[in-house]
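The values are calculated or read from the model by the stated rules, or taken from the named source; none is laboratory data. Note that this is a predicted model, so its numbers are computed, not measured. A quick note on method: Cβ atoms are made from the backbone with ideal geometry, for glycine too, and the neighbour counts reach across all protein chains shown.
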C-alpha cells in the first residue's frame, strides 16, 4: 500500500535490466550490497529509504499499476505489449534493442494478395503495427524461438526483438522493417507520484543526472 | 459442453456479508452528504441505447462497452457511465425545470476491461451533477463536496487534485499539427511520458508553445506550481485560466486541509468531454484515482439542451476496498435465537417480530430440538436462546 511510512518500492525486471538499474543506483550512491547477495530473496533493501522487488517484466507493470510498487524499471517492449495505466517518466537508455519485422532472406514480404501470417511472442505489438498499415494479418502466438516459424513455413514473417541480428543471420533470415525502438523505462504509479511526490521527483532527478 | 454454472463472469464478484456492510456504510455516508446539500437521487436504466454514449464528447471506446441488441435490432449498451444518461434526462424530462438542477446517483457502471488485471468490470459509482450553472460558485460547491466526501472516507490520507483542461486546449490549438498529432501529444501528457513528449515536440519545433507543452505534465504539486506556470507562454487566455485556478485553489485552502489539496496542470483526460476545471481524488492504499470529475459545458448541448454543467463520480468499490483493509468489520451477530416447542411455532414467530420491532436481531430456530438450536447458537456466537412453550424461558449459551 502507499503507506507513507513504508520504503519507496521499486520493481525491477529480473536479469539484465536489474543489473543495469542496480549499477545506476550505485552510481547515484545507494548501497546495493543486499541485492548482490540476494540469494533467493525477492524483496531487498537499497539504502534506508528504498526497497527493490524483483519480478518478471510483465509483473513489474502489474505491481506498479496497482500501486503495490511505487515505481518500476521495465522494457518498452513489455510496455507496448501490455499497455496499462501508469506514468512513463524516463528513458533509462540501457537495454537498447528494437522490434523488427523479419523473414526469409531475399523474399518480398509485401508481395502478393494473400493474407500474411505473422509469428510472434508479441501479438498486441504486431496487431497494432499492421493495423496502422491497414493490413489484415493472421497472428500466431509462439512462445519460444520465433525464428522457427518462417523456416518451417508456418508464417510469412515474424515480429520480434532484435538486438544484434545474429540469430536471424545464422538462420537465413533478415530484417524487413523496423517496428519500434526499445529501451528500459522508468515507470511510476499514478497515485504514488502525487502522494510521495518529493521522494519520487528527487529520485527521478538523480537518475536523470546519472544516465 | 463446458458449463459455467459455478463461477461468475470475469471482472465480477459476489459480495458477502462484511463486504456488504462496508459498502452500505460508504454508500450511506456519501448519500447523506449529497442529500444534505439538496441533491436529489436519480436512477437511470441499466441498459441504454448505444447512441447515448456515442456522442462527439464520448470517451468510451466502443470495445469497452458491453453490448446487446434489442428485439428491433437496435444496439444497446449496459450502462458504462451515469453522467450521459443524466444529461439525457435533463435535456428531455427536466427541460422545463428551473435551473440549476442538483442530482445524485448511486448505481453500477459496467466497463469491459482486459481480463486478469485485477480490476472489476462492474463498479458501484456515486456522484453528483450540478446542471445549469457556469458560475465559479458552482465549481466551488462541487469541489468542496468532493473534498467532504473524500475526507469522510479517510480524513488523514486523501488528496484532491485540481487542474484545468483549458490550458492544454489553448496551447495545443496554437500548434500547426493534425488532430492525430494533437491526440498523441495529449496522451503523452496524460501518461507523463516526458522523453517521448519531448521528442515529439522537438520534431514540431522549438517554440514558446512546444516548450510550454513540455512543461505541462511536470507542473503538479502545491502552490509553487503557479509560480512555475508563470514561466509558461504569455497569453492573455492562458494567464486568465491560471489566475482563476489559483483563486480557486487559494479559496479551497481556507477549508484547512493542509497539504491535501494539490494541483496538476497535466490532467488532460477525456479532452472532448471536460471543458474547464477538472478534479481527481486519491485515497492512500488504492493505486488509481478513486474520484474524478470536472466541468463539462458542451455535453448537454449534444442532447439538444445547451446548458453548462459540472459534477464528479466516486468509485464506491475502491473506497470500500481501502476502508476494509484499514478496519475489521464484522457482520452484527444475532442477539437472540428463538426456539418454539411443538404447538408454539406461531408464538415463536410473533416473538421474533416483536423483538425485531424493539431493534434486536432475533433468529427463528428451524430446528426440531432445543439442543440443536443451542449448538447452532454456539457455532454462530449467539449468546441467548429463548425457548417458547407454555412458559417462556431464556437460556444463556456459553461460548
Practice problem: Looking only at the range B:279-287, decide whether some residue is under 30 Å from residue B:385 (Cα atoms) and assigned to a loop (DSSP other than H, G, I, E, B). | Solution: no
Practice problem: Filter the range B:16-49 for residues that are over 22 Å from residue B:152 (Cα atoms), touching a helix residue (DSSP H, G or I) at 6+ places or on another chain (Cβ under 8 Å) and not in a loop (DSSP other than H, G, I, E, B) and give the result. | Solution: B:48
Practice problem: At least 1 residues that are over 17 Å from the mean Cα position of the chain (by Cα) and within 14 Å of another protein chain (Cβ to nearest Cβ) in each: list the strands (runs of 3 or more DSSP E) lying fully within the range B:81-180 that qualify. | Solution: B:158-164
Quiz item: Hey, does the range B:75-91 have a residue that's assigned by TED's automatic domain parsing to the domain that holds residue B:297, farther than 16 Å from residue B:295 by Cα and surrounded by fewer than 14 Cβ atoms within 10 Å (Cβ to Cβ)?
Solution: no
Exercise. For the range A:152-167, name all the residues that are within 14 Å of residue A:119 (Cα to Cα) and surrounded by 15 or more Cβ atoms within 10 Å (Cβ to Cβ).
Key: A:155, A:156, A:157, A:158, A:159, A:160, A:161
Quiz item: If residue A:54 passes every condition in (1) more than 12 Å from every other protein chain (Cβ to nearest Cβ); (2) under 12 Å from the mean Cα position of the chain (by Cα); (3) closer than 14 Å to residue A:15 by Cα but one, which one does it miss?
Solution: (2)
Quiz item: List pairs: first in the range B:201-217 and farther than 17 Å from residue B:173 by Cβ, second buried (at least 16 other Cβ atoms within 10 Å of the Cβ), Cβ under 6 Å, 6+ apart or cross-chain?
Solution: B:217/B:189; B:217/B:192; B:217/B:266
Exercise. Kindly indicate which of B:263, B:268, B:278, B:331 is within 21 Å of residue A:196 (Cβ to Cβ), outside the structural domain of residue B:139 (by TED's automatic domain parsing) and touching a residue at least 60 places away in the same chain (Cβ under 8 Å).
Key: B:263
Exercise. Search the range B:350-375 for residues being within 40 Å of the chain's Cα centre (by Cα) and assigned to a helix (DSSP H, G or I), and hand back the single one that is nearest to residue B:332 (Cα to Cα).
Key: B:356
Quiz item: within 26 Å of residue B:28 (Cβ to Cβ) and within 14 Å of chain A (Cβ to nearest Cβ): does that describe residue B:269?
Solution: no
Quiz item: Can you name the residue in the range B:376-394 that is free of Cβ contacts under 8 Å to residues at least 24 places away in the same chain and under 13 Å from residue B:335 (Cα atoms) and, of all such residues, is farthest from the chain's Cα centre (by Cα)?
Solution: B:394
Quiz item: Since residue B:214 meets every condition but one in (1) in contact with a strand residue (DSSP E or B) (Cβ under 8 Å, 6 or more places away or on another chain); (2) within 14 Å of chain A (Cβ to nearest Cβ); (3) part of a helix (DSSP H, G or I), which condition does it not meet?
Solution: (1)
Quiz item: Restricted to the range A:34-85, and to residues that are more than 20 Å from residue A:16 (Cβ to Cβ) and crowded, with 22+ Cβ neighbours inside 10 Å, which residue is modelled with the highest pLDDT?
Solution: A:70
Quiz item: With respect to the numbered conditions (1) in a loop (DSSP other than H, G, I, E, B); (2) free of Cβ contacts under 8 Å to residues at least 24 places away in the same chain, which one is the sole condition not fulfilled by residue B:13?
Solution: (2)
Quiz item: Among the numbered criteria (1) surrounded by 19 or more Cβ atoms within 10 Å (Cβ to Cβ); (2) within 14 Å of chain A (Cβ to nearest Cβ); (3) under 25 Å from residue B:297 (Cβ atoms), which single criterion is violated by residue B:187?
Solution: (1)
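Residues are listed down the side, and each one gets a yes or a no for (1) surrounded by fewer than 20 Cβ atoms within 10 Å (Cβ to Cβ); (2) touching a helix residue (DSSP H, G or I) at 6+ places or on another chain (Cβ under 6 Å):
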| residue | (1), (2) |
| --- | --- |
| B:199 | yes, no |
| B:212 | no, yes |
| B:228 | yes, no |
| B:232 | no, yes |
| B:241 | no, yes |
| B:246 | yes, yes |
| B:261 | no, yes |
Exercise. Select from the range B:217-247 the residues that are outside any helix (DSSP H, G or I) and at the interface with another protein chain (Cβ under 10 Å from one of its Cβ atoms) and list them in ascending order.
Key: B:220, B:221, B:222
Self-check item: Top-ranked residue of the range A:177-211 - restricted to ones that are buried (at least 20 other Cβ atoms within 10 Å of the Cβ) and under 30 Å from residue A:156 (Cα atoms), ranked as farthest from the other protein chains (Cβ to nearest Cβ)
Solution: A:179
Quiz item: When only residues in the range A:92-141 that are buried (at least 20 other Cβ atoms within 10 Å of the Cβ) and over 19 Å from residue A:156 (Cβ atoms) count, which is farthest from the other protein chains (Cβ to nearest Cβ)?
Solution: A:95
Quiz item: Assuming residue A:89 fulfils every condition listed in (1) assigned to a helix (DSSP H, G or I); (2) modelled with pLDDT under 95; (3) within 14 Å of chain B (Cβ to nearest Cβ) apart from one, which condition is it?
Solution: (1)
Quiz item: Out of curiosity, is residue B:255 within 14 Å of chain A (Cβ to nearest Cβ) and either over 26 Å from residue A:197 (Cα atoms) or not in a strand (DSSP E or B) (or both)?
Solution: no
